[in-house]
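To keep things clear, I will list the structure first and then write my remarks on it.
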Amino acid sequence: MKVQMTELESALQNLWSDGLYKIILSNAIKKESEGAAYRKVVLNRKTNGWQAEQYTEKQVFHENLKADQVRPFVEQALEQAFRQCSGWDGEWEHTIRISKKRKVTGSKKRVAATQAPKAQTENNRKKHYLLEEGTIIPPLVDMGIFTAEGKIVRTMYDKYRQINRFVELIDDEIDALPADQTIRIVDFGCGKSYLTFILYYYLVELKKRDVKITGLDLKADVIYACGPTPMLRALKAYSQEKGILCYLSLEEKMACGIGACLACTCQTKDVDEHSQVHNKRICKDGPVFLAEDIEL
Ligand code: FES
């Protein structure tokens, strides 16, 4: 049996107001085992539009709605999937109930002063996340905190809140810096930590500030390495390019191990005292050499 739309429209008319900030759709017509998509939907008003939290037994799915999409969304949900709708506007709690025979009734009661502000506070807190859900934020997508559509992955919600808290700490201070000057940041995570990418996104994309970030890795003063020759060759080239001191262990080739057979020699820049050629015995003179002293 179809709902009398005039009754439902009238009830929604009574519920709707500019102050409406939260709506809950509940009492699903079907159970999930009977094919219902969601057991409950919570709609919260946000800065630009609304957000629907759609609950299954184990998951929550978020959907952003424009302001003019909310009422049709609620109306369709009450027509097809739910028997109850509650809405809060700070002063009143409105309730629409639809009986099993699809009879629509509406009621309202004044909200206790201790209840309404609490709901509004929660609503406002969500608005204040600086990295807002529903926005495509590449570093959050790369980290698996947001889906490609900009929705929070539920298991990553704590990480999302932590990152927002970090950005809030920066935000508290950033406006004190002159707007016409470059902000210079030294990142001791070598410019590769995920918070650096978030910081860059926040300052450049959202705050439109001129930013220069320098990565500094204090652990890269010296390279020590052993392993296959191609890898050592690459490390030697890298160390020369970056100006990093590099020591390589060449113990890979050895025979007698006492400096007699010359099976372990490597080519060097200097002349070897023993053989009088550009060689060194790895077993006797090494096995660790300064990368710049040997040829690979
Ligand atoms: S292993 Fe024989 S000289 Fe080094």
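Scanning region 1-27 for residues that are over 18 Å from Arg71 (Cα atoms) and either modelled with pLDDT of 90 or more or among the β-branched types (Val, Ile, Thr) (or both) yields one hit, Asn27.
Of the residues making up region 254-271, those that are more than 6 Å from the ligand (Cβ to nearest atom) and part of a loop (DSSP other than H, G, I, E, B) number 4.
Scanning region 152-203 for residues that are loosely packed, with under 15 Cβ neighbours inside 10 Å, closer than 17 Å to Leu131 by Cα and basic (Lys, Arg) gives Arg154, Arg161, Arg165.
Specify the residue that is nearest to Leu8 (Cα to Cα); the eligible residues are those in region 89-104 that are modelled with pLDDT of 90 or more and in contact with a Gly (Cβ under 6 Å, 6 or more places away or on another chain). The selected residue is Ile96.
Could you list, in sequence order, the residues of region 78-101 that are under 15 Å from Glu7 (Cα atoms) and of a type in the set (A, V, I, L, M)? Across region 78-101, the qualifying residues are Leu78, Ile96, Ile98. Mind checking whether some residue in region 239-251 is at negative phi, touching a helix residue (DSSP H, G or I) at 6+ places or on another chain (Cβ under 8 Å) and within 11 Å of the ligand (Cβ to nearest atom)? Yes, region 239-251 has at least one match. A residue that is under 27 Å from the mean Cα position of the chain (by Cα), farther than 30 Å from Phe289 by Cβ and buried (at least 16 other Cβ atoms within 10 Å of the Cβ) occurs nowhere in region 214-236. In region 275-296, of all residues being surrounded by fewer than 14 Cβ atoms within 10 Å (Cβ to Cβ) and farther than 18 Å from Ala225 by Cβ, the one that is nearest to the ligand (Cβ to nearest atom) corresponds to Ser275. Does Glu79 meet the test of being surrounded by fewer than 17 Cβ atoms within 10 Å (Cβ to Cβ) and acidic (Asp, Glu)? So Glu79 fits the description; yes.
So that you can scan it fast, the table gives a plain yes or no per residue for (1) assigned to a strand (DSSP E or B); (2) acidic (Asp, Glu); (3) without any contact (Cβ under 8 Å) to a residue 40 or more places away in the chain:
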| site | (1), (2), (3) |
| --- | --- |
| Gln54 | yes, no, yes |
| Lys58 | no, no, yes |
| His62 | yes, no, no |
| Gln69 | no, no, yes |
| Pro72 | no, no, yes |
| Ala77 | no, no, no |
| Gly87 | yes, no, no |
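The values are calculated or read from the model by the stated rules, or taken from the named source; none is laboratory data. Just so you know, these numbers come straight off a predicted model, no measurement behind them. So basically every Cβ, Gly included, is an ideal-geometry build from the backbone, and we count neighbours across all protein chains shown.
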